[in-house]
Amino acid sequence: MARDALDLVTSPALGRVRACAGADCGALFLDTSRPGTRRWCSMNTCGNRAKKDTQRAKTTT
């Protein structure tokens, strides 16, 4: 893992390391999406939770 981290730090991909936008998540991830706009470390957990919260807020107001 240390070797992979060193390879990442010395590569152009370093600019695509992102912090998860999840409210309770502090994970870092490598954004490999084509446009480079991924927001969550995992759509199955953080992304799903954020979208569910947004939808819930829309229906209660």
*Is at least one residue of region 32-45 surrounded by 13 or more Cβ atoms within 10 Å (Cβ to Cβ) and in contact with a Phe, Trp or Tyr (Cβ under 6 Å, 6 or more places away or on another chain)?*
yes
*Within region 9-23, which residues are outside any helix (DSSP H, G or I) and either within 30 Å of Thr54 (Cα to Cα) or open to solvent by 50 Å² or more (accessible area, probe 1.4 Å) (or both)?*
Thr10, Val17, Arg18, Ala19, Cys20, Ala21, Gly22, Ala23
_Report every pair of residues separated by at least 6 positions or lying on different chains whose Cβ atoms are under 6 Å apart, first residue within region 27-43 and under 22 Å from Leu6 (Cβ atoms) and among the aromatic types (Phe, Trp, Tyr), second in a loop (DSSP other than H, G, I, E, B) and open to solvent by less than 90 Å² (accessible area, probe 1.4 Å)._
Phe29/Cys41
*Could you check how many residues of region 24-54 are of a type in the set (D, E, K, R) and part of a strand (DSSP E or B)?*
0
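The values are calculated or read from the model by the stated rules, or taken from the named source; none is laboratory data. All values reported here derive from a predicted model rather than from experimental measurement. In this analysis, Cβ positions are derived from the backbone assuming ideal geometry, glycine residues included, and neighbour counts consider all displayed protein chains. The protein model used for the area step is the full one, side chains on, heavy atoms only, and it has no ligands, DNA or RNA in it. Shrake-Rupley method; radii C 1.70, N 1.55, O 1.52, S 1.80 Å.
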